[in-house]
Amino acid sequence: MYDRILVPTDGSDATEKTVTHALKLAADNDATIHALYVIDKRIVQAGSKKLQSEVRDELNTQGKKAVSAVRSKAEAADVPVETAITSGTPDKEIASYAEANSIDLITIGTHGKTPREKLQSLGSVSERVVDSASCPVLVVK
């Protein structure tokens, strides 16, 4: 049913449950996991010009750790894995990656933000992915 499953990751503990679900689905379907970390360009641009390069480098380092953690779990589960780091607006990059790589399912976590927190952070990435993705999306709470 699924050949390619995308797992966007930010490296947080909250992503752990999402990765577990995605690996189970991948193992059951002989699918490949795609681990994606998006460097949020809004965070980079929020810093002063002087600090933007430093912020981008730090986020890139975090991204490498995040996708490496998914890679390790996938390899331990004997699930094929591909990793990528992109830069942009997370929901748009996730949907774009999914389309460009013929992803069959996006497995994404939600942090369970309150409506006020969603407002402060410009909404929920998972909600925007559900609205914009061209493939099914499994949201893991």
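Taking region 98-141, which residues are modelled with pLDDT of 95 or more and farther than 21 Å from Thr20 by Cα?
Result: Glu99, Ala100, Asn101, Ser102.
Condition first: in contact with a Phe, Trp or Tyr (Cβ under 7 Å, 6 or more places away or on another chain) and of a type outside the set (Ser, Thr, Tyr). Can you find one or more residues in region 40-56 that meet it? Write out each step before concluding.
Keep residues of region 40-56 that are in contact with a Phe, Trp or Tyr (Cβ under 7 Å, 6 or more places away or on another chain), which gives none.
Looking through region 40-56, none of the residues is in contact with a Phe, Trp or Tyr (Cβ under 7 Å, 6 or more places away or on another chain) and of a type outside the set (Ser, Thr, Tyr).
In contact with an Asp or Glu (Cβ under 9 Å, 6 or more places away or on another chain), of a type in the set (Asp, Glu), closer than 27 Å to Tyr2 by Cα and at pLDDT 95 or above: which single residue out of Asp78, Asp30 fits that description?
Sole residue among the options that is in contact with an Asp or Glu (Cβ under 9 Å, 6 or more places away or on another chain), of a type in the set (Asp, Glu), closer than 27 Å to Tyr2 by Cα and at pLDDT 95 or above: Asp30.
In region 92-114, what residues are part of a loop (DSSP other than H, G, I, E, B) and either out of contact with any helix residue (DSSP H, G or I) (no Cβ under 6 Å at 6 or more places or on another chain) or crowded, with 19+ Cβ neighbours inside 10 Å (or both)?
Across region 92-114, the qualifying residues are Asn101, Ser102, Ile103, Asp104, His111, Gly112, Lys113, Thr114.
Take the residues of region 21-64 that are of a type in the set (D, E, K, R) and exposed (fewer than 13 other Cβ atoms within 10 Å of the Cβ): which is nearest to Ser126 (Cα to Cα)? It would help to see each step written out before you state the result.
Restricting attention to region 21-64, the residues satisfying the condition of being of a type in the set (D, E, K, R) are 24, 28, 30, 40-42, 49-50, 54, 56-58, 64.
Checking which are exposed (fewer than 13 other Cβ atoms within 10 Å of the Cβ) leaves us with 28, 30, 42, 49-50, 54, 57.
Details: Asp28: 24, Asp30: 25, Arg42: 17, Lys49: 30, Lys50: 32, Glu54: 27, Asp57: 25 Å.
Top of the filtered list is Arg42.
The values are calculated or read from the model by the stated rules, or taken from the named source; none is laboratory data. Just so you know, these numbers come straight off a predicted model, no measurement behind them. For neighbour counting, all protein chains shown are included, and Cβ atoms are generated from backbone atoms with ideal geometry for every residue, glycine included.
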